[in-house]
Amino acid sequence: LFSFLLTFRKKIVKDWKLLFLICLILMFAISTAYVLTQRFNFSEYLIPTIIAAMVLTILFDFQIAFMGMVTTVLLIAIILGNDFEYLTTSLFTSLVAIYSVKSLRRRSQLFKAIFALIAASLLIVIGHGFFLGHSTQKMMDDLIALSFIAIISPLITYAFVGFFESIFNITTNLTLLELLDFQHPLLKRLQQEANGTFNHSIVVGNLAE
């Protein structure tokens with residue numbers, strides 16, 4: 001991950017706050033994995049790698065999210081005793097999560113990602129079930145855990161993105177799209193008191209886009 005950042009994202013490496021944020025998100029996933037599986041003996045599929053993948057994609061870009069999740073999932077798999085099944089499952093669902101929000105234009109897309117993640121979970125659970133000979137009960141338990149994470153991930157991601165935006169002064173596509181709302185009091189006042197400037201700004205904005 002750091003080799004990738006040093007090679008392709010030098011601006012992030014030079015900004016300690018952004019680098020700290022990436023490390024914070026990844027450490028959140030890794031520490032949660034340790035607590036859930038080693039301390040409380042919960043299912044490894046309750047580890048919030050999907051949340052970390054979505055947050056990194058929205059705050060930065062999908063390349064950073066991909067490299068970050070490969071690194072994180074490998075480290076968590078080591079914590080779990082080189083768990084190949086977890087490794088493939090988490091990589092697959094994280095990639096689906098990244099793909100679902102990489103071209104985010106509306107907040108509703110976060111919730112549409114739920115269906116994509118549930119479908120991906122069903123596919124990977126059935127695949128592992130046939131390949132490794134799992135019982136129907138084991139497959140159901142894994143699917144329930146993965147579906148639970150798929151459902152709550154957009155809600156937690158939404159909260160995290162808003163929090164990190166304000167704390168680390170990051171502007172995401174979601175914020176920019178909110179600024180396009182012509183019902184904003186300042187834009188409404190501009191339209192009423194300086195209509196020529198308002199229309200000129202829209203034209204220049206469209207040309208720039």
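Structure notes:
- Within this structure, A116 passes the test of being out of contact with any Leu (no Cβ under 9 Å at 6 or more places or on another chain), under 21 Å from A52 (Cβ atoms) and touching a residue at least 12 places away in the same chain (Cβ under 8 Å).
- When residues in segment 75-87 are screened for being touching a helix residue (DSSP H, G or I) at 6+ places or on another chain (Cβ under 7 Å) and assigned to a helix (DSSP H, G or I), 7 of them pass.
- Here the helices (runs of 4 or more DSSP H) wholly within segment 102-209 that include at least 2 residues being of a type in the set (G, A, S) and either within 25 Å of T88 (Cα to Cα) or touching an Asp or Glu at 6+ places or on another chain (Cβ under 9 Å) (or both) are 108-132, 136-168.
- Test for S94: is it within 21 Å of T72 (Cβ to Cβ), open to solvent by less than 40 Å² (accessible area, probe 1.4 Å) and touching a Ser or Thr at 6+ places or on another chain (Cβ under 6 Å): yes
- Selection count where residues are surrounded by fewer than 14 Cβ atoms within 10 Å (Cβ to Cβ) and closer than 30 Å to L18 by Cα, scope segment 112-150: 1
- Hits in segment 15-42 (condition: surrounded by fewer than 17 Cβ atoms within 10 Å (Cβ to Cβ) and over 18 Å from the mean Cα position of the chain (by Cα)): D15, W16, K17, Y34, V35, Q38, R39, F40, N41, F42
- The residues of segment 58-74 that are part of a helix (DSSP H, G or I) and aromatic (F, W, Y), listed by number, are F62, F66.
- For segment 43-57, a residue qualifies if it is under 23 Å from F163 (Cα atoms), in a loop (DSSP other than H, G, I, E, B) and more than 13 Å from the chain's Cα centre (by Cα), and exactly one does: I47.
- Residues located in segment 78-91, provided they are touching a residue at least 12 places away in the same chain (Cβ under 8 Å) and either surrounded by fewer than 17 Cβ atoms within 10 Å (Cβ to Cβ) or more than 14 Å from the chain's Cα centre (by Cα) (or both): I79, L80, D83, E85, Y86, L87, T88, T89
- Residue check for F198: surrounded by 11 or more Cβ atoms within 10 Å (Cβ to Cβ), closer than 30 Å to E44 by Cα and at pLDDT 85 or above: no
The values are calculated or read from the model by the stated rules, or taken from the named source; none is laboratory data. Note that the structure is a prediction, hence the values are computed from the model and not measured. Cβ sites come from the backbone with ideal geometry, for glycine too, and all protein chains shown count toward neighbours. Protein only, heavy atoms only, side chains kept; ligands, DNA and RNA dropped before computing areas. Shrake-Rupley method; radii C 1.70, N 1.55, O 1.52, S 1.80 Å.
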